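Below: one structure, written as structure tokens.
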Amino acid sequence: MVVRVQLLAIDTSSSATLLGLQLGEEIIDRTRGKEVASSRYHSRDILPTIQQMLAEAHMGLDEIDAIIFGQGPGSFTGLRIAAGIVQGLAYGLRLPVVPVSSMACLAQVAFREGIQCRVAVALKARLQEVYFGTYEFSEGVACLLGPEMVVDVTQTPRQEEGTWLGVGDGWEDHRDSLEQSLGITLEDVLAVTCPTVENLLTLGRWKLARGETLSALEVRPKYMREPQLSGARQVPESTNLVERGRDTHQI
Amino acid sequence: MRVLGIETSCDETGVAIYDEHQGIIANLLYSQIELHREFGGVVPELASRDHIRKTLPMIDEALLASGSKPEDIHAIAYTAGPGLVGALLVGASIAKSLALAWNIPSLGIHHMEGHLLAALLTDNPPDYPFVALLVSGGHTQLMACHEPENYDLLGESQDDAAGEAFDKVARMLGLPYPGGPAIADLATEGKAARFSFPRPMTSKPGLDFSFSGLKTFTLNTIASLKVLSQQDKADIAVAFQEAVVDTIRIKCERALAATGMNSLVIAGGVSANVALRESLNHLSARLHCQVFYPDFRLCTDNGAMIAFAGYHRLSKGHREDLAINVKPRWPMVEL
């Protein structure tokens, strides 16, 4: 008998909010915000959408086998909302969590049968910095080559020459500096910035099959960057609207 | 019936369980004070990062410590505001998703209503109506409380909250964060008669507060001294504390007179201040009114008050949908 695996996938690292279900071979994808930023989910929509997906699939929450969690990097507050939701659901339902790098998910976008090249993902971080990671495909999934990092575009680690494909918006402004510091020349750049539910699930299934799971209590966002600590604020004050708004983030 | 309460509005992670027959059966608190001390105040991003690490393990521990199984929990209450938005979102995300997983209601609680109700968590709670003084690092408010969930704002701070003024003056004196306990300690060594600090907004009628000018007055007093000795610091600490306490006492007396009520409930972190308690005890003896304080353990932010407020709301039939929705600014009169 073939066991039908049922997975919930969530990633809020990019400007899109990825929400999806894997039901055996079938995938339900409720991602929002890939094309039009204004169409993205507000945090208030995530749980109702999960419930709607389950209703469409005529299944209950307790029939889910595992949760695939896009760990980041990305917006700190966005990552924490997803992490909080994953913690609560996984703890309450006693489910394993499969953490997936949101950058590996982006690298996975480049996959096609027979692909031989390596993938360098660079995402805009701040000023001259990028989130950076290198991957190669094995068994159809993007596997990490070197450590993922946040790095100045002129300080990226040198890579072996060969056929390289660039992925992400970090290449837009910094392609020359990056190629120089990496010591490589890209074949091409895919300017995608949002992972997809399909790729998230592909990587999640692969890690799940290898038992690379966490318990709810171990789920953490992958920030990769320390917060800026210039100017601490006093405890919140009801009259202090502007300052408070700066920390506001909606996904 | 048991309600799990989660508090993450600022720099304390609080998780507690309230049982309708046994009262508070678990009450865990993790304070981030050490984390923020070197910055002299709360760093919102650091606070949020700590909440996402601590909250769920504390829920796990609270269930274990109270011998509660998931099926014993009938609702999850969380602080929905006011507070730091990123910090609130952590508690709300965990609370609402866990409530969905357990198929029980979740309830967003007003942080200051939590503080207010904490004063009712005693064997001898006050009867409604009463005047409530909510005084913390984020708030200084006088409320007329007619009955549960029916509150009128009588007056509030036009600028800094009292606790915030304590923190800022502590910084001027080179004292550690949080400023309240640090100033109260130092004040015990001070000579009260040396400096005379103003009692802001007491010469005119009204129930509003202002502590910003008092802060400036303190700064000017420090600047007028060429060298700041330990005794100078202690004398300034006692003069500042007396000015804040006196101002609050004057406004409380006015609020009692204006409403005709004869019970006063004090809530919020500053209600732990001993000098404030002494002053209000004298007031209550003089006016023949009653004054109520929360247990010292419940003066700071905590999960117990949120669990207890959640129990109240649940008993009144309150329910909310699955939307994760926090309110960084949320006047209590909107309840």
Dipole magnitude of chain A about its Cα centre, charges +1 at Lys/Arg Cβ and -1 at Asp/Glu Cβ only, in debye to the nearest 20? 740
Mind sorting B:His111, B:His318, B:His36, B:His21 by how few other Cβ atoms lie within 10 Å of their own Cβ, fewest first? B:His21, B:His318, B:His36, B:His111
Chain A: C-alpha gyration tensor shape, a/c 1.5 cut-off, then a/b vs b/c: oblate
Points 7 angstrom from Cα along the Cβ direction at B:Arg37 and A:Asp188: gap in nanometres? 5.8
Given a Förster radius of 25 Å and the C-beta distance between A:Asp173 and A:Cys143 as r, what FRET efficiency does 1/(1 + (r/R0)^6) yield to the nearest 0.05? 0.35
Alpha-carbon gyration tensor eigenvalues x 5, square-rooted, for the stretch A:36-119, Å: 26, 17, 15
When the convex hull of its Cα atoms is projected in every direction, mean area for the stretch B:85-212 (nm²): 11.8
Connecting every pair of Cα atoms under 10 Å apart in chain B and solving the GNM, the largest mean-square fluctuation among B:Ala119, B:Ala243, B:Ala101 falls on B:Ala101
Using the Kirkwood formula on alpha carbons, the hydrodynamic radius of chain B in angstrom works out to 20.4
Output row, site A:Met59, 7 Å Cα→C-beta label point, backbone N cut-off 20 Å, window the stretch A:8-32, residues A:8-11, A:18-32
What ranking do B:305-316, B:176-187 get when scored by the average of other Cβ atoms within 10 Å per residue, highest first? B:305-316, B:176-187
May I ask you to compute the full-extension gain from B:Ile222 to B:Met1, defined as 0.36 nm times their residue separation minus their alpha-carbon distance, rounded to one decimal in nm? 74.1 nm
Cα gyration tensor shape for the stretch B:41-100, rounded if a/c is under 1.5, else prolate or oblate: prolate
Scattering curve values for the stretch B:1-58, log₁₀ I(q)/I(0), Debye with Cα scatterers, q = 0.12, 0.19, 0.21 Å⁻¹: -0.33, -0.66, -0.75
Which of rounded, prolate or oblate describes the stretch A:55-170 when judged by the alpha-carbon gyration tensor and an a/c cut-off of 1.5? oblate
Among B:Thr247, B:Ser210, B:Asn302, which residue has its Cα furthest toward the positive end of the charge dipole of the protein assembly as shown, with +1 on Lys/Arg Cβ and -1 on Asp/Glu Cβ? B:Thr247
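None of the figures in this text is laboratory data; all of them are computed from the coordinates on show. No experiment lies behind these values; they were computed from the predicted model shown. Every residue, glycine among them, receives a Cβ derived from its backbone with ideal geometry; neighbour counts consider all protein chains shown.
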